[in-house]
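S.K.: Got a structure for you, written out below as structure tokens; questions coming shortly.
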Amino acid sequence: MSRILIALGGNALGDTPKEQFELVKETARPIVDLIEKGHEVIIAHGNGPQVGMINLAMEEISMPFPECIAMSQGYIGYHLQNRIYEELNRRNINKNVVTIVTQVVVDENDEALQNPTKPIGRFYSKEEAEELVVAKGYKIIEDSGRGYRRVVASPKPTDIVEKECIKTLVKDGHIVITVGGGGIPVVKKDFGYEGVNGVIDKDFASGKIAELIDADYLFVLTAVDRIAINFGKENQINLDKMSIEEAYRYIEEGQFAPGSMLPKVIAAVNFAKSRKGRQAIIVSLEKAKEALVGESGTIIYNS
Ligand SMILES: Nc1ncnc2c1ncn2[C@@H]1O[C@H](COP(=O)(O)OP(=O)(O)O)[C@@H](O)[C@H]1O
Ligand SMILES: NC(=O)OP(=O)(O)O
């Protein structure tokens, strides 16, 4: 039996709450497959499209990002815990599922707070993007050949406020959904914490919690079955494994798009490096079960 941290991509959760609730029904199956095999599963998820949607919908009252992230953790967590519970019941597996509203500590001097890089919200055409820059003052970038997106600050996680609660729940056999959307970014104050504007990359927060709960595997589930080099080009090569040294070389070559595949690879490398025997796997949701027996995904390993 292994302890597996599953990081679900926000782009795989659909565009509307209705669409998401249907999609998450499918998401629950491969997750429960792993639980049925006896693995301990902890779930993290993205919120890029959703947090952008919430922030835009609440523009009139300028809803700050920490609150938007908390809302996204709540409703994505609700969908996941509802559907996973249903799937567990269908298979007569007696387990509890719970979502933790999670605050993630960042450094108030993190330079990333002044330099927006994290794509959120929907994709725009080039013309729409140009209009938004003028009308709303957004910073917009081109996102991995898929269109244009707003970017916001994305500080690095340094600690997780609720880590002891998470550890206890996992130890007691409960299925925990945590660090949704990378967690609510907070900075330490004298007696507590205060939210800051930004969206933490869920891949980095997932790597952090995976280390803290002593996971054996970090599964980063996204839209592609494998990492590729020369991605999207005629000479694209999909990788079934990648050593840490190879990963560093490909990063240097610029093989992984910033804001999409690059944070996943960095989080995977950091996790694989942190303890001998730990492996990170980047794979699609549909192929998660196959990935555990080496039949899909890209394994990032410490050679
Ligand atoms: N080298 C690469 N190999 C595979 N996919 C890549 C690569 N570079 C960029 N991508 C893109 O990155 C996407 C994953 O990032 P993203 O959609 O932001 O993640 P998430 O699933 O967490 O929302 C893939 O679906 C793919 O379109
Ligand atoms: N917060 C975050 O990293 O979300 P995505 O995975 O949706 O980009």
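S.K.: Which of the residues spanning region 57-69 are outside any loop (DSSP other than H, G, I, E, B) and over 15 Å from the mean Cα position of the chain (by Cα)?
M.R.: Passing the criteria: Ala57, Glu59, Glu60, Ile61, Phe65, Pro66, Glu67, Cys68.
S.K.: Which one of the conditions (1) within 16 Å of ligand 1 (Cβ to nearest atom); (2) in contact (Cβ under 8 Å) with a residue 60 or more places away in the chain; (3) buried (at least 20 other Cβ atoms within 10 Å of the Cβ) does Val24 fail to meet, given that it meets all the rest?
M.R.: It is condition (2) that Val24 fails.
S.K.: Any idea how many residues of region 40-68 are out of contact with any Lys or Arg (no Cβ under 8 Å at 6 or more places or on another chain) and within 15 Å of ligand 1 (Cβ to nearest atom)?
M.R.: 3
S.K.: Kindly evaluate Glu246 against the criterion of being part of a helix (DSSP H, G or I), away from ligand 2 (no atom under 16 Å from the Cβ), among the acidic types (Asp, Glu) and surrounded by 13 or more Cβ atoms within 10 Å (Cβ to Cβ).
M.R.: Spelling it out, Glu246 is indeed part of a helix (DSSP H, G or I), away from ligand 2 (no atom under 16 Å from the Cβ), among the acidic types (Asp, Glu) and surrounded by 13 or more Cβ atoms within 10 Å (Cβ to Cβ).
S.K.: Mind checking whether some residue in region 209-217 is of a type outside the set (S, T, N, Q) and within 11 Å of ligand 1 (Cβ to nearest atom)?
M.R.: No: region 209-217 contains no residue that is of a type outside the set (S, T, N, Q) and within 11 Å of ligand 1 (Cβ to nearest atom).
S.K.: Please work out which residue is farthest from the chain's Cα centre (by Cα), limiting yourself to region 8-56 and to residues that are outside any helix (DSSP H, G or I), hydrophobic (A, V, I, L, M, F, W, C) and closer than 19 Å to Gly173 by Cα.
M.R.: Once the filter is applied, the top-ranked residue is Val41.
S.K.: Now a separate question. For Glu234, all conditions in the list (1) charged (D, E, K, R); (2) part of a loop (DSSP other than H, G, I, E, B); (3) crowded, with 24+ Cβ neighbours inside 10 Å hold save one; what is the number of the exception?
M.R.: Only one criterion in (1) charged (D, E, K, R); (2) part of a loop (DSSP other than H, G, I, E, B); (3) crowded, with 24+ Cβ neighbours inside 10 Å is unmet by Glu234, namely (3).
Residue-wise test of (1) within 14 Å of the chain's Cα centre (by Cα); (2) assigned to a helix (DSSP H, G or I); (3) closer than 27 Å to Thr117 by Cβ; (4) near ligand 1 (Cβ under 8 Å from one of its atoms).
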{"site": "Phe256", "(1), (2), (3), (4)": "no, no, yes, yes"}
{"site": "Gly259", "(1), (2), (3), (4)": "yes, no, yes, yes"}
{"site": "Leu262", "(1), (2), (3), (4)": "yes, yes, yes, yes"}
{"site": "Ala268", "(1), (2), (3), (4)": "yes, yes, yes, no"}
{"site": "Lys273", "(1), (2), (3), (4)": "no, yes, yes, no"}
{"site": "Gly277", "(1), (2), (3), (4)": "no, no, no, no"}
{"site": "Ala280", "(1), (2), (3), (4)": "yes, no, yes, no"}
{"site": "Lys289", "(1), (2), (3), (4)": "no, yes, no, no"}
{"site": "Glu295", "(1), (2), (3), (4)": "no, no, no, no"}
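S.K.: Would you pick out the residues in region 144-173 that are outside any strand (DSSP E or B), closer than 21 Å to Ile69 by Cα and within 16 Å of ligand 1 (Cβ to nearest atom)?
M.R.: Ser154, Pro157
S.K.: Of all residues in region 196-228, which are surrounded by 17 or more Cβ atoms within 10 Å (Cβ to Cβ) and either of a type in the set (S, T, N, Q) or assigned to a strand (DSSP E or B) (or both)?
M.R.: Ser206, Tyr217, Leu218, Phe219, Val220, Leu221, Thr222, Ala228
S.K.: Next question. Specify which of the listed residues (Lys241, Lys264) is over 23 Å from Leu13 (Cβ atoms), touching a residue at least 40 places away in the same chain (Cβ under 8 Å) and in contact with a strand residue (DSSP E or B) (Cβ under 7 Å, 6 or more places away or on another chain).
M.R.: Lys241
S.K.: Can you tell me which condition Arg83 does not meet? The list is (1) surrounded by 15 or more Cβ atoms within 10 Å (Cβ to Cβ); (2) more than 30 Å from Glu26 (Cα to Cα), and all the others hold.
M.R.: With respect to (1) surrounded by 15 or more Cβ atoms within 10 Å (Cβ to Cβ); (2) more than 30 Å from Glu26 (Cα to Cα), Arg83 is out only on (2).
A short reminder: the numbers here are calculations on the coordinates, not readings from a lab. Just so it is clear, the structure is predicted and the values come from calculations on it, not from any experiment. Cβ atoms come from the backbone with ideal geometry, glycine included; neighbour counts cover every protein chain shown.
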